[in-house]
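Chemist: Before anything else, here's the structure in question.
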Amino acid sequence: MEFKKFDQKIWLSSPTMHGDEEKYVKEAFDTNWVSTIGANLNQFEKGMREYIGIGHSVALSAGTAALHLAVKLAGVKPGEKVFCSDMTFAATVNPVVYEKGEPVFIDCERDTWNMDPVALEKAFEKYPEVRVVVVANLYGTPAKLDQIQEICERHGAILIEDAAESLGATLNGRQTGTFGQYNAISFNGNKIITTSGGGMLLSDDQAAIDKARFWSTQARENYPWYQHEDIGYNYRMSNILAGIGRGQLLHLDEHIAQKTAIYHRYKEGLKDLPITMNPYMDNMQPNHWLSCLLIDEDIFNGTSQKYKQVKPMMIQELLMSYNVEPRPIWKPMHMQPIFLRNKYVKADDCIDVGADIFARGLCLPSDNKMTEQQQDIIIEMIKSCFEEK
């Protein structure tokens, strides 16, 4: 089948503006509140607390900054082991290293592609001294957070939830970003809503959020002069960016509905192919930030009796040649050169789930401005990669 190259690039996931953002940004300019205080910050933090259902929040310059302050609040010390999701972006893990902790990676499971509670329990058996766990919700799908939370409580460990990708997703009707003692979300340009760059730290612990807010503004003490008794950071979000977020928050449910429709259109359109979509459980409602496929093992290995061999890179290269942006699955942390010496715990010593998903998976264009017609063409492009013998 012949395809025509798209004139305008079909992005993996790009910002979608609506006009409300400009109104709030203009308000910041008109009132001259363009720094790190102002009504937009207050209202954005309040709106996010109310949407998620949590007591306290502080808006920051990045989701990574939120995770860093969460790790500091957890009191991670140099040389201390911290259990971390293995299948994730490096920003989940780097804040542990900022505090000179030692990440120990926990393999993912098949049901959600997130941290495996069985592997986590096994990790506590090997390293009972660990007292901090950082779990990420991959591609907008909640981890088995209820199980992970119970395991952490039983072992006296602090849970940090990296909900950077999962804003608006729920487990048993409960929003992600509320399961940890400290929780981080991201507003990077490709996320479900954006402030162009930014993040937020959330907790029901008011003292912790007050401390994080203090650290985020260079830890300046309440004196007439500049006095510092602690190390601080320039992590506070600006009132201008908060105006973007304030406008975006009005459209979060709309974005989730659009992303969900994209996921199910892929699932229906590709149902006859030897692939599966990124999975979730019946008690979960993902935000479907990114739709991903996983090629069946026999097709990937070239042992199928029906189809010729197909690998994710073949699909990726074809889509890219037509001005479409797919992306490989996150490369697991235990496979990254910088972390090759770190400990890695699997539920089954013989099976590396994360490495397998990385090898056979691919993130598909999931931009909520993509039209149904454009997505239908992309589906046909993907189908063309699967040739019968």
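Chemist: Report, in deg cm²/dmol and to the nearest 500, the calculated mean residue ellipticity at 222 nm for the chain, where each DSSP H run with n ≥ 4 adds -39500 (n - 2.57) and the sum is divided by the residue count.
Modeler: Details: 13 runs with 137 residues, N = 389.
Calculated mean residue ellipticity at 222 nm is -10500 deg cm²/dmol.
Chemist: Which residue, chosen from ALA28, THR260, ILE158, occupies the Cα position most advanced towards the positive end of the dipole of the chain, where the dipole is computed from +1 (Lys, Arg) and -1 (Asp, Glu) charges on Cβ about the Cα centre?
Modeler: Result: ALA28.
Chemist: Neighbour counts of other C-beta atoms within 10 Å: give me CYS385, CYS152, CYS108, CYS350 arranged from fewest to most. Numbers along the way, then the final one.
Modeler: Numbers: CYS385 20, CYS152 24, CYS108 29, CYS350 5.
Final ranking by Cβ density, sparse to dense: CYS350, CYS385, CYS152, CYS108.
Chemist: Going highest first, how would you order 135-144, 69-78 by mean Cβ packing within 10 Å?
Modeler: Working: 135-144: 28.4, 69-78: 19.5.
Those peptides, ordered most packed to least, come out 135-144, 69-78.
Chemist: Starting from the 7 Å offset along Cα-to-Cβ, what nm value, one decimal, do you get for the label separation of LYS308 and THR170?
Modeler: Output for this residue pair reads 4.7 nm.
Chemist: Which pairs, out of LYS23/LYS259; LYS126/LYS346; LYS100/LYS191; LYS81/LYS343; LYS46/LYS259, put more than 19 Å between their alpha-carbon atoms? Walk me through the intermediate numbers first.
Modeler: Working: LYS23/LYS259 25 Å; LYS126/LYS346 12 Å; LYS100/LYS191 28 Å; LYS81/LYS343 9 Å; LYS46/LYS259 25 Å.
Where the Cα-Cα span goes over 19 Å, the pairs concerned are LYS23/LYS259; LYS100/LYS191; LYS46/LYS259.
Chemist: Let me ask you something else. Need one number: nm distance between label points at VAL34 and GLN218, each 7 Å from Cα along Cα→Cβ, rounded to one decimal.
Modeler: Output for this residue pair reads 1.9 nm.
Chemist: Under a plain spin-label model, where a point goes 7 Å from the Cα along Cα-to-Cβ, how far apart in nm are GLN373 and GLN147?
Modeler: 4.5 nm
Chemist: So for the chain, averaging the separation of alpha carbon pairs under 8 Å that are six or more residues apart and normalising by length, what relative contact order in percent results? If you can, show how the numbers build up before the last one.
Modeler: Details: 871 pairs, mean separation 95.3, N = 389.
Across the chain, relative contact order equals 24 percent.
Chemist: Here is a further query. I need the peptides 365-377, 160-172, 37-49, 7-19 ranked by packing, meaning the mean over residues of other C-beta atoms within 10 angstrom, with the highest value on top.
Modeler: Details: 365-377: 17.3, 160-172: 26.2, 37-49: 19.2, 7-19: 15.1.
Put in order of decreasing packing, that is 160-172, 37-49, 365-377, 7-19.
Chemist: Can you list the HN-Hα couplings for region 184-200, worked out from phi with the Karplus curve (6.51, -1.76, 1.60; θ = phi - 60°), rounded to whole Hz and with x for Gly and Pro?
Modeler: 10, 10, 10, 10, 4, x, 9, 7, 4, 9, 9, 10, 6, x, x, x, 8
Chemist: Output the DSSP H helices from the chain with an along-axis C-alpha extent of no less than 30 Å and a mean Kyte-Doolittle hydropathy no less than 1.0. Show your work: numbers first, answer last.
Modeler: Working: long enough: none.
What comes out of the filter, once short or polar helices are dropped, is none.
Chemist: Ok, one more. Whose amide H sits under 5 Å from the amide H of ILE158, counting only residues 5 or more places off or on another chain, with H placed in the peptide plane?
Modeler: VAL132, VAL133
Chemist: Listing PHE187, PHE3, PHE300 from the residue with the fewest other Cβ atoms within 10 Å to the one with the most, what is the order?
Modeler: Ordered by Cβ neighbours within 10 Å, fewest first: PHE3, PHE300, PHE187.
Values quoted throughout were computed directly from the atomic coordinates according to the rules given, and no laboratory measurement underlies them. Model, not experiment: these values are computed from the prediction. Glycine gets a Cβ as well: all are built from the backbone with ideal geometry, and neighbour counts include every protein chain shown.
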